[in-house]
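Below is one structure, written out as structure tokens; comments come after it.
The values are calculated or read from the model by the stated rules, or taken from the named source; none is laboratory data. Please read these numbers as outputs of a predicted model, since none were measured by experiment. Note: ideal-geometry Cβ built from the backbone for every residue, glycine included; neighbour counts use all protein chains shown. What goes into the accessible areas is simple: the full protein's heavy atoms, side chains included, and nothing from ligands, DNA or RNA. Shrake-Rupley method; radii C 1.70, N 1.55, O 1.52, S 1.80 Å.
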Amino acid sequence: MPTPPPQPTLRDGSLVLRPWTDADLSGLRRGALDSGWFETDSDAGGSADAGAAEALVRWQAGYDDDRSLNSVLIEVDGNVVGGMLLRSTGADTAELSWQLFKSDAQLLGAQAVQVFLRHAFDDLGVVRIETRIAADDLGSGRIAARAGMLKEGTARAAAATADGRVDQVIFARLATDPSVSEWGSFARVLNTTLPTKRAIAQALIRNDAGEVLLCQPTYKRFWDLPGGVVDPAESPATAVLREVREELSLDGTVRSLAAVTWLPPWRGWDDATLFVFDVRVTSEPGALQPREIKAVHWRAVADVGAHTADYTARLIERSVRAIDDGTGAVYLENAHDPSW
């Protein structure tokens, strides 16, 4: 088996990524003792100095044997500010971790991660690199995002700490991902890290007598308006007509938006935004979606509260009033008029 070339030194302006040496042991011990990169066996008389030395030997052996470990320190203007470790997890996949020894080194950390990612992709043949960050470690999350890594999800109780198990957020970057400097690349990163909110679209359908069409679901106690969750890349108006067609075998047309209400978190659900549309249909419901709809009923607005959840009754009453008064769509919070 050919001997791999020495671990390279990578430079980007004043930033230097280079292999650890024996001369760096004291800095490694002081800066990375609590990082989880190496452990000491206090019961066996181990010391921080010994733990750092053992870690350095193990890292170098891992690189020399099969490049399964690739560790570098992060140095700026001759000062060590942290370190990074790339662990092989497969033939062309790896996991990256880092530790910054200064709390104000986030921008340097992001620059270092970018440089090291390029090296792993271009020189080591890695195609996917992921990092797992404690859910409450917002600083490391910002470093990963600035380096072009996309947030992929959360692994629950994935890491053990002295205080118990904690969730980890998974970020990853592929060799084929656009360069961080390319237009739109940062938007892709933000799209995975910014908050998302569930959207729901419902149809307010009334007959000539002014009665409201309510669905009796198979999966919950209260009756509700027809509708459902808006799919990704689908507009709420498109979603409400799709749901009416799927649930009731009805073709409808949107006449107007009647109301938008914010719904607070409830029984394990995150908060959501609900759009109520005034929808016109020209026939009675046909075949019902059997997995979701048990029956449909026409009810006067004054009677819907006997069958629906309280917020649904408020939402229907307020939507009907907005339509009939011609005031236009109203904004509500939990189906209440806001207090401002």
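Once the stretch 212-243 is narrowed to residues that are closer than 18 Å to Gly286 by Cα and part of a helix (DSSP H, G or I), the residue that is farthest from the chain's Cα centre (by Cα) is Leu241. Taking residues in the stretch 103-129 that are closer than 14 Å to Pro8 by Cβ, and partners anywhere that are among the acidic types (Asp, Glu) and surrounded by fewer than 19 Cβ atoms within 10 Å (Cβ to Cβ), the pairs with Cβ atoms closer than 8 Å and at least 6 places apart or on different chains are Val115/Asp12.
One residue stands out in the stretch 104-120 among those that are open to solvent by 30 Å² or more (accessible area, probe 1.4 Å) and out of contact with any Leu (no Cβ under 8 Å at 6 or more places or on another chain): the one that is modelled with the lowest pLDDT, namely Asp104. Looking only at residues of the stretch 197-224 that are small (Gly, Ala, Ser) and under 25 Å from Asp271 (Cβ atoms), we find that the one that is surrounded by the fewest Cβ atoms within 10 Å (Cβ to Cβ) is Ala199.
Could you say whether any residue in the stretch 176-199 is assigned to a strand (DSSP E or B) and among the hydrophobic types (A, V, I, L, M, F, W, C)? There is at least one residue in the stretch 176-199 that is assigned to a strand (DSSP E or B) and among the hydrophobic types (A, V, I, L, M, F, W, C). For the stretch 173-226, a tally of residues being under 18 Å from Arg142 (Cα atoms) and of a type in the set (Phe, Trp, Tyr) returns 1. Looking across the stretch 167-197, not a single residue is under 30 Å from Val281 (Cβ atoms) and more than 13 Å from the chain's Cα centre (by Cα). Within the bounds of the stretch 184-196, is there any residue that is free of Cβ contacts under 8 Å to residues at least 24 places away in the same chain, among the hydroxyl-bearing types (Ser, Thr, Tyr) and either open to solvent by 50 Å² or more (accessible area, probe 1.4 Å) or out of contact with any Leu (no Cβ under 7 Å at 6 or more places or on another chain) (or both)? Looking through the stretch 184-196, at least one residue is free of Cβ contacts under 8 Å to residues at least 24 places away in the same chain, among the hydroxyl-bearing types (Ser, Thr, Tyr) and either open to solvent by 50 Å² or more (accessible area, probe 1.4 Å) or out of contact with any Leu (no Cβ under 7 Å at 6 or more places or on another chain) (or both). Looking only at the stretch 158-170, residues that are open to solvent by less than 60 Å² (accessible area, probe 1.4 Å) and more than 8 Å from Arg132 (Cβ to Cβ) come to 2 in all.
If you go through the stretch 251-297 and pick out every residue that is in contact with an Asp or Glu (Cβ under 6 Å, 6 or more places away or on another chain), open to solvent by less than 40 Å² (accessible area, probe 1.4 Å) and among the small types (Gly, Ala, Ser), you end up with 1.
Take the conditions surrounded by fewer than 18 Cβ atoms within 10 Å (Cβ to Cβ), of a type in the set (Lys, Arg) and at pLDDT 95 or above and apply them to Arg318. Does it pass?
So Arg318 fails the test.
When the stretch 75-88 is filtered for residues that are open to solvent by 90 Å² or more (accessible area, probe 1.4 Å) and at negative phi, only Arg87 remains. In the stretch 142-152, of all residues being open to solvent by less than 20 Å² (accessible area, probe 1.4 Å) and more than 16 Å from Phe101 (Cα to Cα), the one that is farthest from the chain's Cα centre (by Cα) corresponds to Ala147. Against the conditions (1) acidic (Asp, Glu); (2) under 18 Å from Pro226 (Cβ atoms); (3) surrounded by fewer than 16 Cβ atoms within 10 Å (Cβ to Cβ), Asp325 satisfies every one except (2).
Yes or no: Asp337 open to solvent by less than 40 Å² (accessible area, probe 1.4 Å) and farther than 19 Å from Pro217 by Cα? Criteria not met by Asp337.
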